[in-house]
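Worksheet for the structure shown next.
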Amino acid sequence: MGEQRVPLVSLLLAYVVLNQGSCSVSGTNVPGYQTRYVEVQVDHFSFANSDTFQLRYLVNDTYFKPGGPVFLYTGNEGDIEDFVKNTGLLIEMAPRFGAMVIFAEHRYYGQSLPYGQDSFKDPAHLGYLTSTQALADFAELIVHLKETICGTEDSPVFAFGGSYGGMLAAWIRMKYPHLVAGSLASAASIFQFPGITDCEAYSHVATRTFQKSGAGCPEIIRSSWDVIQDLGKTDPGLRKLTSMFSLCTPLTTDDMPTLVDWLVNLWMIYALIDYPYPANFLTPLPAWPVKEACQLITSHEDVVSGVAAAAKLYFNFTGQTACLDISQPYYGGLAWQYQACTEQIEPICSDGVNDMFPPIPWDLAAFSQACYERWKVRPRPYWAVTEYWGRNISAASNIIFSNGDLDPWSVGCVLKSLSDSLVAIVMEDAAHHLDLRPSDPADPPSVVKARAQEAAIIKKWIQEYHSATTR
Ligand SMILES: *[C@@H]1O[C@H](CO)[C@@H](O)[C@H](O)[C@H]1NC(C)=O
Ligand SMILES: *[C@@H]1O[C@H](CO)[C@@H](O)[C@H](O)[C@H]1NC(C)=O
Ligand SMILES: *[C@@H]1O[C@H](CO)[C@@H](O)[C@H](O)[C@H]1NC(C)=O
């Protein structure tokens, strides 16, 4: 049973979901972490529903010294175990700080399903999937930790997160500053909401990342759209496309929008995960995958062959993929699709002139209709700006915003420091939240420097926390 696709790039783009099966309950434990659960309200904001559920969190207290900080990863859209595997910074910093490391799972992902297998059944069960409810879960968890773990009573809590998790890390400090002493929000696109960021900016940065990685590469990609569309008009052309991309199912004219959409997403994802070493974030890829893709794109005589070779690099780096399936979403478990249709409305568009994509306007009405058909809900596109302060976050404090300049999401992030305690760091040659990943000899100097700066700022905030509480 195929999931109905919403043919709009912004929905599919969403964020990086590490694992698709938001319904599947995986029992494997991550080495180095204990699994625990805290009981939380399904609805923190009314008394109409008194149901509760078990929220999962993972703990490593090996380096913890009583009174030392708690480093809390505010989990985003995926099984929390995958974030542990892709986020090395917390545990690497823990010994220096005598810190406890905790990864908290976001409701409706992994094992933290408010209504078990019924969680996705209908809007009545799914409606509690909001960022505000998730932040309240984390707030309750912090209170619970302080009550149940000896030595944490006076501990400052620092929130960490990347991507949507980075937004949550920033927002939890803004909403619950009495519980969270400070945050490291990496690739946190808290400004990527309607009316406060230009929808084309994302496509510009994606194009720039390809430009940096191979001279002429974006130009070839831009020229590929017409060639592909022309091939899609005839039966021999469709057969040629099917064969070049080694597609699992023969392409039809009706599939052409899906193919284009799939390619647009492919390039955007490449830019996102352009890491300097071989990584297995969404899929196994070589070091600097955009450079590798551009090499394939620019070295083929035939435009479509080059594009197809780059697609195969993404889907078949391991050599285990028999055929490519354009109907498979790259990521985006059920739960994230729902979030992207309700409050996480982050417009992305392209014009085909200043970027390498085909012209794709941002069409809220069509988006809303597709969401209604899929989920029986319509977006509240401007609610996030009201709820999370829009662009004027100057009343907040103690948040580090780190950004990689290769990352298209950076356009919606805080790129300039707004005060002494709202500190922006831009890392050159870095992709999506590279600073949070385990350190690696191939990390660019900007990332090594950013991590040192982040640690120094957190150290300062810990001192400030203790001098404020002992006064
Ligand atoms: C905590 O993490 C460290 C570093 O990965 C590891 O050496 C240690 O065994 C872990 N602690 C527990 C209790 O598993
Ligand atoms: C994936 O790579 C293997 C090994 O090179 C190859 O046999 C297979 O045909 C490739 N699959 C696709 C879809 O290109
Ligand atoms: C931003 O908000 C602060 C108070 O939170 C206010 O003093 C300031 O005028 C606002 N700035 C803008 C540009 O709206």
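Observations on the structure shown:
Rundown of residues vs (1) among the basic types (Lys, Arg); (2) assigned to a helix (DSSP H, G or I); (3) touching a Gly at 6+ places or on another chain (Cβ under 6 Å); (4) on the phi > 0 side of the Ramachandran plot, yes/no style:
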{"residue": "Phe193", "(1), (2), (3), (4)": "no, no, no, no"}
{"residue": "Asp198", "(1), (2), (3), (4)": "no, no, no, no"}
{"residue": "Tyr202", "(1), (2), (3), (4)": "no, yes, no, no"}
{"residue": "Thr207", "(1), (2), (3), (4)": "no, yes, no, no"}
{"residue": "Phe210", "(1), (2), (3), (4)": "no, yes, no, no"}
{"residue": "Ala215", "(1), (2), (3), (4)": "no, no, no, no"}
{"residue": "Pro218", "(1), (2), (3), (4)": "no, yes, no, no"}
{"residue": "Arg222", "(1), (2), (3), (4)": "yes, yes, no, no"}
{"residue": "Asp226", "(1), (2), (3), (4)": "no, yes, no, no"}
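- A count restricted to the range 34-60 and to residues that are within 16 Å of ligand 1 (Cβ to nearest atom) and in contact (Cβ under 8 Å) with a residue 40 or more places away in the chain stands at 4.
- Applying the condition of being of a type in the set (Ser, Thr, Tyr) and assigned to a loop (DSSP other than H, G, I, E, B) to the range 164-191 and asking which residue is surrounded by the fewest Cβ atoms within 10 Å (Cβ to Cβ) yields Tyr176.
- Scanning the range 197-205 turns up no residue that is buried (at least 24 other Cβ atoms within 10 Å of the Cβ), of a type outside the set (Ser, Thr, Tyr) and in contact with a helix residue (DSSP H, G or I) (Cβ under 6 Å, 6 or more places away or on another chain).
- Of residues in the range 70-92 being under 20 Å from Arg173 (Cα atoms) and among the aliphatic types (A, V, I, L, M), the one surrounded by the most Cβ atoms within 10 Å (Cβ to Cβ): Leu72
- Some residue of the range 425-435 being more than 16 Å from ligand 2 (Cβ to nearest atom), open to solvent by less than 40 Å² (accessible area, probe 1.4 Å) and part of a helix (DSSP H, G or I): yes
- Of all residues making up the range 436-451, the number that are assigned to a helix (DSSP H, G or I) and more than 29 Å from Ala396 (Cβ to Cβ): 1
- Within this structure, Thr35 passes the test of being open to solvent by 10 Å² or more (accessible area, probe 1.4 Å), under 23 Å from Tyr164 (Cα atoms), of a type in the set (Ser, Thr, Tyr) and at pLDDT 95 or above.
- The set of residues in the range 359-385 being assigned to a loop (DSSP other than H, G, I, E, B), surrounded by 18 or more Cβ atoms within 10 Å (Cβ to Cβ) and out of contact with any Pro (no Cβ under 8 Å at 6 or more places or on another chain) consists of Pro379 alone.
- Of all residues in the range 386-400, those that are open to solvent by 80 Å² or more (accessible area, probe 1.4 Å) have Cβ atoms under 6 Å from Cβ atoms of residues that are of a type outside the set (Phe, Trp, Tyr) and more than 16 Å from ligand 2 (Cβ to nearest atom), 6 or more apart or on another chain, in Arg391/Ile196.
- A Cβ distance below 8 Å, combined with a sequence gap of six or more or placement on separate chains, defines the contacts here; from the range 271-289, residues that are free of Cβ contacts under 8 Å to residues at least 60 places away in the same chain and outside any loop (DSSP other than H, G, I, E, B) reach residues that are open to solvent by 10 Å² or more (accessible area, probe 1.4 Å) and among the polar types (S, T, N, Q) in the pairs Pro284/Thr318.
- Residue under evaluation Gly333, criteria (1) farther than 25 Å from Gly88 by Cα; (2) modelled with pLDDT under 95; (3) crowded, with 21+ Cβ neighbours inside 10 Å, criterion not met: (1)
- Filter pass, Gly161 being among the small types (Gly, Ala, Ser), in contact with a helix residue (DSSP H, G or I) (Cβ under 6 Å, 6 or more places away or on another chain), open to solvent by less than 30 Å² (accessible area, probe 1.4 Å) and not in a loop (DSSP other than H, G, I, E, B): yes
- Here Val414 qualifies as over 30 Å from Val227 (Cβ atoms), within 16 Å of ligand 3 (Cβ to nearest atom), open to solvent by less than 40 Å² (accessible area, probe 1.4 Å) and in a loop (DSSP other than H, G, I, E, B).
- Scanning the range 54-69 for residues that are surrounded by 19 or more Cβ atoms within 10 Å (Cβ to Cβ) and over 30 Å from Lys460 (Cβ atoms) yields Leu55, Arg56.
The values are calculated or read from the model by the stated rules, or taken from the named source; none is laboratory data. As the structure is a computational prediction, the values presented were derived from the model and not from experiment. For neighbour counting, all protein chains shown are included, and Cβ atoms are generated from backbone atoms with ideal geometry for every residue, glycine included. Remember, those area values only see protein heavy atoms, side chains included, never the ligands or the DNA or RNA. Shrake-Rupley method; radii C 1.70, N 1.55, O 1.52, S 1.80 Å.
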